[in-house]
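Undergrad: The structure's right below; bear with me while I get my questions together.
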Amino acid sequence: DLPWEAGYSFGIVAYEPPLKPRRPDLPLAEDCRNHPIDRLIDRYLSQHELPRPAPIDDATFLRRVHLDLVGLLPTPEELKAFLADCSVDKRTLKIRELLADDTAYADHWLSFFNDLLRNDYSGTGFIT
């Protein structure tokens with residue numbers, strides 16, 4: 001046995017596994033907002049007595065979704081075509097279109113994965 005300083009004690013060491021995935025109880029839909037995320041956000045806002053933000057316009061949506069998914073602004077032609085489109089599901093279709101663009105999506109997210117994996121890269125963001 002090795003001698004230890006007086007008053008020294010070992011902490012309790014135990015592995016705690018991460019939480020198992022769970023399905024939260026979804027509140028009822030309000031104002032035809034059926035998406036699960038909308039329902040959870042609506043419940044949070046209601047519980048905290050916060051107003052629901054106004055929906056964003058189509059131009060703002062297009063800019064945000066382009067920057068989030070492919071890291072580039074939409075071209076003026078893409079913006080004009082999107083604003084002229086009157087279909088109800090144009091936002092969903094645009095998201096699917098951008099996610100299907102494997103090259104642009106991968107180019108954008110590569111820099112985040114490089115940071116996460118601590119890869120050494122310079123200049124373009126591609127591994128060198």
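The values are calculated or read from the model by the stated rules, or taken from the named source; none is laboratory data. Everything numeric here is computed off the predicted structure, so don't read it as measured data. For neighbour counting, all protein chains shown are included, and Cβ atoms are generated from backbone atoms with ideal geometry for every residue, glycine included.
Undergrad: I want to confirm something. Restricting to the stretch 97-128 and keeping residues that are among the acidic types (D, E) and within 18 Å of the chain's Cα centre (by Cα), which single residue is modelled with the lowest pLDDT?
TA: So in the stretch 97-128, the residues among the acidic types (D, E) come out as 97, 101-102, 107, 115, 120.
Okay, now just the ones that are also within 18 Å of the chain's Cα centre (by Cα), so 97, 101-102, 107, 115.
Values: E97: 97, D101: 94, D102: 91, D107: 87, D115: 78.
Among those that are among the acidic types (D, E) and within 18 Å of the chain's Cα centre (by Cα), it is D115.
Undergrad: Only one of I37, I56, I41, I95 is of a type in the set (A, V, I, L, M), surrounded by 11 or more Cβ atoms within 10 Å (Cβ to Cβ), free of Cβ contacts under 8 Å to residues at least 12 places away in the same chain and assigned to a helix (DSSP H, G or I); which? Break it down stepwise before answering.
TA: On the way: I37 fails: surrounded by 11 or more Cβ atoms within 10 Å (Cβ to Cβ); I56 fails: assigned to a helix (DSSP H, G or I); I95 fails: free of Cβ contacts under 8 Å to residues at least 12 places away in the same chain.
Among I37, I56, I41, I95, only I41 is of a type in the set (A, V, I, L, M), surrounded by 11 or more Cβ atoms within 10 Å (Cβ to Cβ), free of Cβ contacts under 8 Å to residues at least 12 places away in the same chain and assigned to a helix (DSSP H, G or I).
Undergrad: Right, next: Just to verify a result, which residue in the stretch 59-82, among those that are of a type in the set (V, I, T) and in a helix (DSSP H, G or I), is surrounded by the most Cβ atoms within 10 Å (Cβ to Cβ)? Spell out how you get there, then give the answer.
TA: Taking the stretch 59-82 first, the residues of a type in the set (V, I, T) are 60, 65, 70, 75.
If we keep only those that are in a helix (DSSP H, G or I) as well, we get 60, 65.
On the way: T60: 10, V65: 18.
Among residues in the stretch 59-82 that are of a type in the set (V, I, T) and in a helix (DSSP H, G or I), the one surrounded by the most Cβ atoms within 10 Å (Cβ to Cβ) is V65.
Undergrad: Based on this model, can you work out whether I12 counts as surrounded by fewer than 10 Cβ atoms within 10 Å (Cβ to Cβ), within 30 Å of A104 (Cα to Cα) and at pLDDT below 95? Explain how you work it out, then say what you get.
TA: Values: surrounded by fewer than 10 Cβ atoms within 10 Å (Cβ to Cβ): yes; within 30 Å of A104 (Cα to Cα): no; at pLDDT below 95: yes.
No.
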